[in-house]
Each structure stands twice: as structure tokens, then as C-alpha cells.
1. Over the stretch 238-378, what number does the Rg to Rh ratio reach, with both radii from the alpha-carbon atoms and Rh per Kirkwood?
2. Among 184, 272, 101, rank each residue by its count of other Cβ atoms within 10 Å, from fewest to most, as a rough exposure measure.
3. Using Cβ contacts closer than 10 Å as the measure, can you line up 127, 197 from fewest to most?
4. Would you work out the relative contact order for the stretch 143-295, in percent, from Cα pairs under 8 angstrom that are 6 or more residues apart?
5. Among 173, 308, what is the fewest-to-most ranking by other Cβ atoms within 10 Å?
6. So between residue 229 and residue 324, what do we pick up on full extension, going 0.36 nm a residue minus the alpha carbon distance?
7. With point charges of +1 on the Cβ of Lys and Arg and -1 on the Cβ of Asp and Glu, referenced to the Cα centre of the stretch 238-378, which listed residue (253, 329, 362) lies farthest in the positive direction of the dipole?
8. Under a Cβ-Cβ cut-off of 14 Å, what is the net charge of the residues other than residue 349 that fall near it, where Lys and Arg count +1 and Asp and Glu count -1?
Amino acid sequence: MNHDIFGFISNTNSLMLKHAYISRYDSTDHSYNPRRAQLLPFVSEKSGDKYAYSIICGLNKTRTSKDRLWIWKVLAQPRIQTFLWLVYHHKLPTTEHLCSRGILISFECSWCGALEESILHVLWECTTAKNLLSSLEIPPSKKGTFVLLIDEWLELNCEAYELHSLSIPWKIVFSCALWPLWKRRNKCIFEGYQPNTTLLHRKCLELSTEYFASMKHAATASTTTIQVRWSPPTKHWIKLNIDGSVRHCLGSAGAGGVLRNHLRGWIKGFSRILGYCNNHHAECWALRDGLIMALNMGIQFLLVELDVKIVCDLVSEMINDNLSLMPIIFDCRMLLGRFEGLRMQHIYQEANMVADQLARLASDSTRIPISLAGNILYF
Ligand SMILES: [Zn+2]
């Protein structure tokens, strides 16, 4: 028996620790890795000191958050990124993992009958995994990574720029191979499916091609930036901005509107507590109240702006199929017909902020005495 530098007892004949090995585990990479435990068969909790075991397996230290960020930059769908995160952190619920948590009692791989289904087994050692990965034509420079630790293997392949034979970067093909493989494994266990390498191969190429095509589309798609702001009406016209507001948490709704001239001058505004209704009804009430306010002030040329497209279309008679809104819409149409000049347009909410605030004032019943419900407040 011999005491080594970590203080655990080992068998001299079979358990020679190499300096390079020790320094590697004690210096840089300290995450737990099942493969590491396999590579160090002489180290176990049963045969030696737990502290030494945890140092070598890296159980006593954790990676920094910076080390793990690369996973979220992998070119793959978010669900695949999440899956890779589980793999990288050794949290994939393989039988080995579930046994370690006392959920299962058998370590066996249900695909090939291997004694232990670890993460590395299910992703590259199991027969189905091996057949799939070899059918995908691994780039020559990445074949060597298949003897590395699983986290290094994962990182190097997920960042590989070499092209697959389909002219798709290997990093995309690789991540799109592991995800269907794991899903198929689950279907075999829980739904009685058979492992099918041909199907998995096709699924992987479909996923890779689809994702690569979407990337190219996103890269070429152009975006246009437009400035959104309120603008004054032309001379002799008055602009009416209206808006509705519904506070579902308070069970209250409100309507608001404001009249302004071509000099941006405030003419008159209103807020009205509506009780409870949906946003479309609140918008219609705001329009009706705004039109009545404008008519009462003798305004003849009115430009109406609102940010709910469906109300704009209903009033403009483009659609007539909303039975619950039609009574008040008919009322609004009748009022609109009384102006000498009338225009109505839909705008973005960002250009309708004053009316929005007046409507919110009414829907927020904590800011207005409840006794005023149903009344219109003019400003
Ligand atoms: Zn297996």
C-alpha cells in the first residue's frame, strides 16, 4: 500500500497516478465528469478518502459562470441549447444520473444492454449513437475529440467551423444530431419505439438544413427604422387623439381623448371611468366621447387618430361583423357624418401617449374617487 500526494490509499501495482494527470485535474477544469471517474478507476469513495476523490473528480469546485456562457451562443434552437446545457452540466437524466439520485435502481442502457447508461454512453458510446455520428461524416479534425472528456468534446464540436458535406458548419450538424438522438432514446424507453439510425440521420440533416437556412434568411433580411411621434394637423384642422385603457387587475376601464390644433396647442381633453369592459369597447367609448366633445365645441374639420386598428376598420365600414361593438359603432358613424371635413387614421401607440395617459387616469380607480364613475372629467 502506498500514500500518494492526495492522501488516499492506493494499490501501487495498478494505480499509478501520472503527474500530468494530477496537475490537469488540480489546476484548470474542476467540474464533475463521469468519464473522469471512469478514467480513474482507482479512485472511489469506497476505497479511499472522500476529499481526495472530490478533488480529482472536481466535486469541490465549480466552474465560473463565464466558462458556461458559450452554450448560449451555440448555433441551435433554444431548446437544443437547453439540452446542451444539461449535457454540459451532467444533469441529463440518464439511468446513471437517476440511480445516483435514488430514483432508479438499474444503471442498464435500455438500447444496448450496457451495464451503465452514462451521458457519454448515450451520446457517443451506445451503438445507435456511434452509428449516427459515423454516418454524419465527422470532419477529420474533429475525430480526435471523441477521446476527450465529454465537456471538452461538446465544446470543441459545438464551436467547429469546418463544413459538413452539405456545406453546413459542423457545429450546427453536431448539435442537431445530439438532440434527436436523446429524444429517440426517450421514445424507445417510454413509447416502445425502436432505435432507427436512418431516421435519426434524416432528422438531423433536416434540422440542420432548416436552421442553417433560417440563419441565412435572418442575415439577409433588412429592417427599416421609422420615427414614431405625434404630429400636429394642418391649418384649420383639429386633431382628436383618443384611447381606451383596461386594467384587468383592478377590474376597471377608462377612456380618454384630447383635441389639439395645428400649433400643437391644447384645446380640451377628457377622462371617463367606464367600469369594466374590454379594450375594444373602451376604445369605442373614447371615440364616441371625443366626437361629442368636438361637436359641442363647434369643430367642423376633424382629424381622428386612434391606435386600435380594428376599431378604425369598424368605423370606416371595412368590417361589420362584430356584433357586440356594432351599437356603439353605429353611434360613432352617425356622429362622424355631422362633420364638414373628417379624416380618421390608425397610428402607433407611441404617437398616442397623451390620450393614453388620460385613459389610464380613468382606468386607475385609485387615482379618481369612485363616486365619479360614469362621469366625464374635462381638462
Ligand atoms: Zn447503450
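A short reminder: the numbers here are calculations on the coordinates, not readings from a lab. In this text, all values refer to a predicted model and were calculated from it rather than measured experimentally. All Cβ positions, glycine included, derive from the backbone under ideal geometry; neighbour counts span all protein chains shown.
1. 0.95
2. Working: 184 22, 272 28, 101 8.
Least crowded to most crowded, the residues run 101, 184, 272.
3. Ascending Cβ contact count within 10 Å gives the list 127, 197.
4. Result for the stretch 143-295 is 14 percent.
5. Ascending number of Cβ neighbours within 10 Å: 308, 173.
6. 31.0 nm
7. In the stretch 238-378, that residue is 362.
8. Net local charge, residue 349 excluded: -3.
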